[in-house]
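Just so it is clear, none of the values below were taken in a lab; they were calculated from the coordinates. From a predicted model like this one, the values you see are computed outputs, not experimental measurements. Here Cβ is always computed from backbone atoms with ideal geometry, including for glycine, and neighbour counts include all displayed protein chains.
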C-alpha cells in the first residue's frame, strides 16, 4: 500500500514500506520554470529533515530541495542528469528526485495529505 | 538589480491577460515569463519575433545649442561627429573611469539627441546629466513613453505588416517617425530588431496588430537575460558597475581612438592611466564544462587554487545548448581556452574562458 504526503515546501513523498520516494509538486515545477540541471545526491548520504538534498537549476536560478524527513538516500533519479526537463513534464511521476530509507516514520504524521496541500496552495 | 517593486508598467494589464508571471527588477514589477516558459520564449525570439515591454528603461531628450558639448563632456563620444540618425553605444563615467551606466545615444538633429538609459540607473543618470548641464546651453527632458523591443529575424517583416516601414533604418540608426515616437534598429538579443518609444495609446494600437501576427509573441525578462548573455552583452549592475572601467570591461571599441588622448569627457585621465598600465583584469565569456550552470557571484580559481576572478552573469543558453556565463579574470588568463574553476556550492566546476558572443550576432547592417 502506498501513501503520498506533501510538505509546505512543495515536495511530495510517496511511501512504500520503509522507502520514501521524493519529488517536487507540479505547482513547484511551474513556479521554477524550465529546469536545465539537477544536482543529484549520492546513494548512502545521510539526510536529516531540513537538509538540502538536491539543487534544481532553471535557466535563471538555482533552488534548494530539502529533505522532508530523516533517512539515508538509497537512489537518485539518474535519468535527470541527461533529461532534467523530466521534472517539468512529469513532476509527480518519472521526474522523482530521490528515494530514501525512512529513519523516523513518526515525522510523516506532521505532513499534509493531497487535500491539505491543495488547500495550502489555494 | 532586484528590489521592491514600486513601479507598474503602463501595459501591465496586457501582460496579466497574456498570463505573465511577474517579479521585481530595478524598482519595477516586470513580466518574467509567460506560459510558454523561458526556453520556448528564448528560442522563439531567435527563430521568429519576440516582443519585449522595456518601458522600465528611460528615454531622455537632450536638446539645445550646447547639447553636443554636454554629451561630449558626459560620455567618451564625439557627438559632433555623429550623423543624423546615427546611434552609438556609450557610457557615463566617473572621474576614476568607473561605468555609471551604459547608454545608447542617437543624433536626431543638429541640436537634438536621444539618450536611452537603464531602469536601475535612470534617477542617477538624470541627476548626473542635470548637474553637468548647468555649464551648457542644453535642456534635458525625460520622456513618458511606452518602450517596446521587437526582436528576431522576422521583426522587419512583422513590423511591415503592421504598417511600420523599416527599410530606411540599418543597425544602430534611429529617428522620430512621428512627433512623439522614437524608433531605432537596435536591441539586447544579438538579433536584428527594433526599439520603439511611443505614447501609451499608440502602443496599444500597434501591439494589437503585432500580437495578431502569429510570428510574434511576448517575451519576459528571464529570456531577455538569457538572450543578451548568449549575445555577450553586458548587464549594468552585474557585468559592469562603477567599480569597472571600459578597458577592463573590454568595451574600448565604443570609445573613439582620438578621444582617448585629448577628449574632454569625464574620466579620460583615469582611463588613460589604466590603458598605460594595462588593465589588471578582463571581462571574458565563460563556458562551464558539463550541464551545471555557474552563476553570478561564484568565485573563480586557477589550477593552483588561487582566486583569480569572479562570475558576474551566468545561466543556461537555450540556443547555445550549454551553460553560459560572463565574468572577470586576471588579465594574463583572459585568453579563450584557458581552464579555470568556479566554486559552486563548495565544488570546483571546470570552466573555460570562451570568446564572446556565444551565439553569432545577426544584425542588419548597412
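Kirkwood-type hydrodynamic radius, segment B:280-366: 12.9 Å, calculated from all non-identical alpha-carbon pairs. FRET efficiency for residue B:262 and residue B:339, Cβ-Cβ distance as r, R0 = 41 Å, nearest 0.05? Between residue B:262 and residue B:339 the formula returns 0.50. Is chain B rounded, prolate or oblate when judged by the Cα gyration tensor, a ≥ b ≥ c being the square roots of its eigenvalues, rounded requiring a/c under 1.5 and prolate requiring a/b larger than b/c? Oblate, because a/c is 1.5 or more while a/b does not exceed b/c. Pairwise Cα distances in the protein assembly as shown exceed 42 Å for 24 percent of all pairs. Using a ≥ b ≥ c from the Cα gyration tensor of segment B:235-308 (square roots of the eigenvalues), is it rounded, prolate or oblate, where a/c under 1.5 gives rounded and otherwise the larger of a/b and b/c decides, a/b for prolate? The shape class here is prolate.
Of all beta bridges that DSSP places with both ends in the protein assembly as shown, some 95 percent have antiparallel geometry. Of the peptides B:62-75, A:34-47, the ranking by mean beta-carbon count within 10 Å, highest at the top, reads B:62-75, A:34-47. Other protein chain C-beta atoms within 10 Å of residue C-beta, averaged over B:32-40: 3.
For segment A:2-121, dividing the convex hull volume of the Cα atoms by the residue count gives 89 Å³ per residue. Peptide A:32-38 shows a mean partner chain C-beta count of 6 within 10 Å per residue C-beta.
Need one value for A:53-60: mean number of C-beta atoms belonging to other chains within 10 Å of its residues' C-beta atoms. Kindly include the intermediate steps, with their values, before the conclusion.
Working: counts 0, 0, 3, 0, 8, 8, 17, 14.
If you average over the peptide's residues, the count of other-chain Cβ atoms is 6.
Quick one: work out the % antiparallel among DSSP beta bridges in chain B, nearest 5. Of those bridges, close to 90 percent are antiparallel.
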